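Please read the structure below before turning to the comments.
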């Protein structure tokens, strides 16, 4: 066997070391060069390994938040740094299922109906109807008017948000002493009874707004205030005020403005935000004016004459002249159920559940006031307690042939029903409201 020389093995080992050192040097230099270019912001194609977008659909999104009632322009859809659109890539199935808009021309020029966060695609429900004017007027429901109010004069409005439904009531105190003095015709016992009753605090409560909408929540605005002084001359200062914008019916503008002008105590009442709320069918009844219902009782015993004043309730004739009695749903009625007289009767009192409304409200809301047009008909949807009935609550078709509709107790026995109503009175509020007394004997 041949012996390998020591010199040859030493030369071969030296060559391997040189090659390895050169390879490590080149590899380290390449890595350092690539890292330096990447840190400098240079795009390196082989390092850009994005997701596979084959078969995906490019969906435009908004690169920044958009405020409600803003009319979109192309600038709202472009990234400020690159002036290029920002897309989200979805599968065709997701585009169809979500109903997102992929065409720029169907987005630009539309008015959004709510605050839209960034990086979301657009759907039809994000926009108001085509042709809507941008700005705060876009939030006013059709047929209503917007009015700006000083929230320091309205209680209960600070915590509400845009779109919340509200009722607004006003209350003004009544000086019952003046009311009794105006009706007094003789001194003596009348003055004593009037003085005692006048000590009871009374107020006139009015419903100013029914089912209004909060267009803009409470916001602070700064107004300038000018003042003059001998030392400083004309000085302009600023004062912060809090305002809100509410939408009301046209006929409600004047009463609300009047209540604010006379500095009445105004209260905002929030309605339910649940989807099954009756909405316009639910009415807030007005209060009774105590000054209009003062009963004067005169007692004559021999030559002695006494006059007494008492706080009375409105008589049947006085009530029907001003208000219209509306049947109300007393208990829940499931959908596709035939309305019976029991659905309209308070089980605690056995009397019809009714409230008294202004004729203008009955006409405006198209509320049914005749029980015969309610009892025996089938409702198309669920009816909640304390809600009125409208023609749209019932099926258009009549009861099936061969099925007899039982007559309501009111129609079947008018004399007995009328006697019961005269004997017990008619409720004029949602709860335990004033009871109408029976007619006085002639």
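The values are calculated or read from the model by the stated rules, or taken from the named source; none is laboratory data. From a predicted model like this one, the values you see are computed outputs, not experimental measurements. Quick reminder, even Gly has a Cβ in these numbers, built from the backbone with ideal geometry, and neighbours come from all protein chains shown.
Some points to look at:
- Residues satisfying the stated conditions in segment 219-278, i.e. free of Cβ contacts under 8 Å to residues at least 12 places away in the same chain and loosely packed, with under 10 Cβ neighbours inside 10 Å: 226, 228, 229, 230, 231, 232, 233, 234, 261, 274, 275
- Considering only residues in segment 371-383 that are in contact with a strand residue (DSSP E or B) (Cβ under 8 Å, 6 or more places away or on another chain) and assigned to a loop (DSSP other than H, G, I, E, B), the one that is surrounded by the most Cβ atoms within 10 Å (Cβ to Cβ) turns out to be 374.
- Annotation: of all residues in segment 131-161 being part of a loop (DSSP other than H, G, I, E, B) and in contact with a helix residue (DSSP H, G or I) (Cβ under 7 Å, 6 or more places away or on another chain), the one that is nearest to residue 256 (Cα to Cα) is 157.
- A count restricted to segment 121-131 and to residues that are farther than 15 Å from residue 247 by Cβ and surrounded by 15 or more Cβ atoms within 10 Å (Cβ to Cβ) stands at 4.
- Residue list for segment 371-388, filter: touching a residue at least 24 places away in the same chain (Cβ under 8 Å) and either more than 21 Å from the chain's Cα centre (by Cα) or outside the structural domain of residue 333 (by TED's automatic domain parsing) (or both): 371, 372, 374, 375, 376, 377, 378, 379, 380, 381
- Residue in segment 95-107 that is surrounded by 14 or more Cβ atoms within 10 Å (Cβ to Cβ) and under 28 Å from residue 269 (Cβ atoms) present: no
- So residue 149, is it modelled with pLDDT of 90 or more, closer than 23 Å to residue 242 by Cα and exposed (fewer than 15 other Cβ atoms within 10 Å of the Cβ): no
- Residues that are at pLDDT below 90 and within 30 Å of residue 271 (Cα to Cα) are absent from segment 400-415 altogether.
- Top-ranked residue of segment 181-239 - restricted to ones that are assigned to a strand (DSSP E or B) and at positive phi, ranked as modelled with the lowest pLDDT: 233
- Enumeration of residues in segment 341-365 that are part of a loop (DSSP other than H, G, I, E, B) and either touching a residue at least 40 places away in the same chain (Cβ under 8 Å) or under 21 Å from residue 277 (Cβ atoms) (or both): 349, 350, 353, 358
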